[in-house]
Amino acid sequence: MPSIPTPVWGRDEFETGEMWNSNSVVSWVLARSGVQVETIRPPANGRAPGWDAGLAIGARGLNYDRP
């Protein structure tokens, strides 16, 4: 996945309201691959900080190819 965004982890460099982390990467990959991410939720009483950041960036449809 050479086009995965690579902002500084733990920061909100894309201004999504959430930090970027491993959850963000997973949700970004799912969103960009066409999976219906709207139906995916954390387990009951679970958390996935950064998940929405990946979805937001994935929805923008931009490629982040590394040089």
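In region 1-17, of all residues being surrounded by fewer than 13 Cβ atoms within 10 Å (Cβ to Cβ) and of a type in the set (Val, Ile, Thr), the one that is nearest to Ala56 (Cα to Cα) corresponds to Thr6.
Every residue, every condition in (1) of a type in the set (Gly, Ala, Ser); (2) modelled with pLDDT of 90 or more; (3) not in a helix (DSSP H, G or I), yes or no:
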| site | (1), (2), (3) |
| --- | --- |
| Trp20 | no, yes, yes |
| Asn23 | no, yes, no |
| Glu38 | no, no, no |
| Arg41 | no, no, yes |
| Gly46 | yes, no, yes |
| Asp52 | no, yes, no |
| Leu55 | no, yes, no |
| Leu62 | no, no, yes |
| Asp65 | no, no, yes |
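The condition (being of a type outside the set (Lys, Arg) and touching a Pro at 6+ places or on another chain (Cβ under 6 Å)) is satisfied by just one residue among Glu18, Glu38, Glu13: Glu13. One residue stands out in region 18-46 among those that are among the hydrophobic types (A, V, I, L, M, F, W, C) and touching a Leu at 6+ places or on another chain (Cβ under 9 Å): the one that is surrounded by the most Cβ atoms within 10 Å (Cβ to Cβ), namely Trp28. The set of residues in region 25-36 being within 15 Å of Gly61 (Cα to Cα) and part of a helix (DSSP H, G or I) consists of Val25, Ser27, Trp28, Val29, Leu30, Ala31, Arg32.
The values are calculated or read from the model by the stated rules, or taken from the named source; none is laboratory data. Given the structure is predicted, the values throughout are model-derived calculations rather than measurements. Reconstructed Cβ throughout: ideal geometry from the backbone, glycine too, with neighbour counts over all protein chains shown.
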